[in-house]
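K.L.:
Quick one: structure below, then a few questions.
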Amino acid sequence: MVASLGSIQNFGGFLGAALAPIVTGYIVQQTGSFEYVFVIGAVLLVISAISYGIFLQKPIKSE
């Protein structure tokens with residue numbers, strides 16, 4: 001299960017790393033500024049931190 005979860009997390013990270021330059025370029029081209037890119041990044045960071053805290057409320061106990 002640990003390997004499966006790790007591979008899912010890696011897939012999400014790699015997908016984000018592949019799409020980030022494309023999305024960033026599109027936003028900068030449309031707005032002419034990096035301001036919105038940083039705001040979106042900050043919002044995604046806060047959402048990620050909150051969801052991480054929600055999903056990991058209880059520690060996993062070994063059997």
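The values are calculated or read from the model by the stated rules, or taken from the named source; none is laboratory data. Everything quoted here is computed from the prediction, not taken from an experiment. We place every Cβ from the backbone using ideal geometry, glycine too, and count neighbours over all the protein chains shown. Heads up: the accessible areas ignore ligands, DNA and RNA and are worked out on the full protein's heavy atoms, side chains in. Shrake-Rupley method; radii C 1.70, N 1.55, O 1.52, S 1.80 Å.
K.L.:
When only the heavy atoms of the protein chains count and the probe is 1.4 Å, how do 37, 43 rank by accessible area, highest first?
P.N.:
Sorted descending by solvent-accessible area, the residues read 43, 37.
K.L.:
Can I ask one more? Output the 0 to 90 degree angle, nearest 10, between the alpha-carbon long axis of helix 2-31 and the longest principal axis computed from the alpha carbons of the chain.
P.N.:
10
K.L.:
When you count, for each residue, the other Cβ atoms within 10 Å and take the mean per peptide, how do 18-29, 3-14 rank with the highest first?
P.N.:
By packing density, highest mean first, the sequence is 18-29, 3-14.
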